[in-house]
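Colleague: Take this structure first; my questions come after.
The values are calculated or read from the model by the stated rules, or taken from the named source; none is laboratory data. Nothing here was measured: the structure is a model prediction, and the numbers come from that model. Every residue, glycine among them, receives a Cβ derived from its backbone with ideal geometry; neighbour counts consider all protein chains shown. Calculation scope for accessible area: heavy atoms of the full protein, side chains included, ligands and nucleic acids excluded. Shrake-Rupley method; radii C 1.70, N 1.55, O 1.52, S 1.80 Å.
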Amino acid sequence: MTASSALDSPPAEAAMSWTAALRRLRGALDTADGRTTAASDRIMRRLGVSLGIGGVIIGLFEVPEIAEHGRFVPFWWTITAALLTFGFFPILALVATLTGQRPIKIVSACAALSFLVVVTSVPAVFEPDTVNASTIWPFRVLVIAVTAAVLAFPTRWAIVYMIVASAVAATANVYTLTDFTAALFIENFLRAAGLAALFVWCGTAARGAAERVDRESAIAARRAAVAAAAQARDRERARFAALIHDAVLSTLLEASRAGTESDVLRRQAERTLEQLEEVRGGERDPDLLDARSAVLFLRSAVQEVNPSIRFATRTWPGFDDLRMPVPAASTLAAALTEAVRNSLRHASVPGREVRRTVTTTISAGSIRIVFTDDGAGFDLAAVSADRLGISMSIMGRMRQLAGGSAFVESQPGEGTTVTLVWGGDGSL
């Protein structure tokens, strides 16, 4: 069967329809709950999807053993134990696809604790030395429960869970299969804990790396904000100093020289008083960035990622009226730097240098940022649903920003253009 015929088959069409529906539903939920899309959130979602699918697959592989061991225990216990052990994993995969960290942690905690209930009940329903196998099935699926605990709990409690669950599973395994001895218990415990520790380390390392990325991003944003504010203060000081020198001192000097009433001196004094009034009434909210400060903020964010990227600015009449809240500027900077990182990671073309440019256009009350590269490009329709860089870190961020929007255009071999817009009238 060719690739095109496989895609045209009914199962493939149904899968594509479900995927598209999940994407639309996820976008609607993201817009409704206003979640942030930090690196820790993306990592948690990907781990949740992977663990959910892995739990379902492991559960299907364990069905023969569950049925075989079910001959030694009441039927109701087998069904209940299987549902408690594996039933939360398809829910986890769905929740991780559609929502954020908190629901993922809740479902993962339910999966981890329900497994602990199951494995603790094994000695109560199995007779000693009854199962003719190397291990009982709950002992073999310990690692997925420990991984769920890594997603649900802080690292120290995940380690505590791993030790407790490994001890209980080793006790249940030795009690059910052979005569209980300390040596066999230690052997089973070390085998279970050793394998589980690998999953604990991988999970905590992934979450820790994502949290470090979030911290560094926040530090970079704060540095850019401080730099922009310092530039704005310096500019205001220079403006006030120039006014004092050029207007106030000049007026006083002319008054001391004239000695008599002068129309020119009167008009100069009136103009000086008007300028002083403008300065006094024009004190700016420190939480708002003007056009120049916003450009400095965005340029600093881009240069934190790659200082070689060209950053150009264009202005339209009325650009001095721009007043951008710092949170809005931070959101724009985060979406822009994600676009830059995506280009640096994926747009490289062997044998030539990829040109990357950021163009910022400012008008009265609005700003448009266009990031372009002439790199490899990609097919937007072919981007996987679990690739959150575009859908969440760029499009999602801008959807959540009042007055914000984003557009991504790309074709294989033709480069990529990412457009970010913020403003009231959308004239840009």
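Colleague: Take each of the peptides 89-95, 349-355, 71-77, average the number of other beta-carbon atoms within 10 Å over its residues, and list them starting from the highest. Present the calculation step by step, with values, prior to reporting the outcome.
Modeller: Numbers: 89-95: 19.9, 349-355: 9.6, 71-77: 12.6.
The peptides rank, most packed first, as 89-95, 71-77, 349-355.
Colleague: Probe radius 1.4 Å, ligands and nucleic acids ignored: give me the carbon and sulfur share of the accessible area of segment 306-422 as a rounded percent.
Modeller: Here carbon and sulfur together make up 54 percent of the probe-accessible area.
Colleague: Now for a separate question. What is the gain in length, in nm to one decimal, between ALA402 and ARG310 on full extension, counting 0.36 nm per residue of separation less the C-alpha to C-alpha distance?
Modeller: Going from the current span to full extension adds 30.3 nm.
Colleague: Between segment 35-97 and segment 315-389, how far is it from one alpha carbon centroid to the other, in angstrom?
Modeller: So the two Cα centres are separated by 39 Å.
Colleague: Let me ask another. Just to check I understand the Karplus step: with θ = phi - 60° and J = 6.51 cos²θ - 1.76 cosθ + 1.60, what whole-Hz values come out for segment 162-170, glycine and proline as x?
Modeller: Coupling constants for segment 162-170: 4, 5, 5, 5, 5, 5, 5, 5, 5 Hz.
Colleague: Rounded to the nearest 10 Å², what accessible area does ASP41 show when all protein chains are kept and the probe is 1.4 Å?
Modeller: 10 Å²
Colleague: Quick one: length gained pulling VAL63 to ARG323 fully straight, 0.36 nm per residue minus the C-alpha distance?
Modeller: 87.4 nm
Colleague: Ranked highest first by average number of other Cβ atoms within 10 Å, how do 369-377, 204-212 line up?
Modeller: In descending order of packing, they fall as 369-377, 204-212.
Colleague: Full extension from GLU216 to SER50: what is 0.36 nm times the residue separation minus their Cα-Cα distance, to one decimal in nm?
Modeller: 57.1 nm
Colleague: Let me ask you something else. Any idea of the accessible area per residue across segment 306-422, 1.4 Å probe, to the nearest Å²?
Modeller: Here the residues of segment 306-422 average 46 Å² of exposed surface.
Colleague: What is segment 306-422 by shape, rounded, prolate or oblate, if you read a ≥ b ≥ c off the alpha carbon gyration tensor as root eigenvalues and call it rounded for a/c under 1.5, prolate for a/b larger than b/c, and oblate otherwise? Numbers along the way, then the final one.
Modeller: Values: a/c = 2.28, a/b = 1.47, b/c = 1.56.
Note, shape of segment 306-422 comes out oblate.
Colleague: Per-residue HN-Hα couplings for segment 111-116, Karplus 6.51 cos²θ - 1.76 cosθ + 1.60 at θ = phi - 60°, whole Hz, x for Gly and Pro?
Modeller: Once θ is set to phi - 60°, the couplings for segment 111-116 become 5, 5, 6, 5, 4, 4 Hz.
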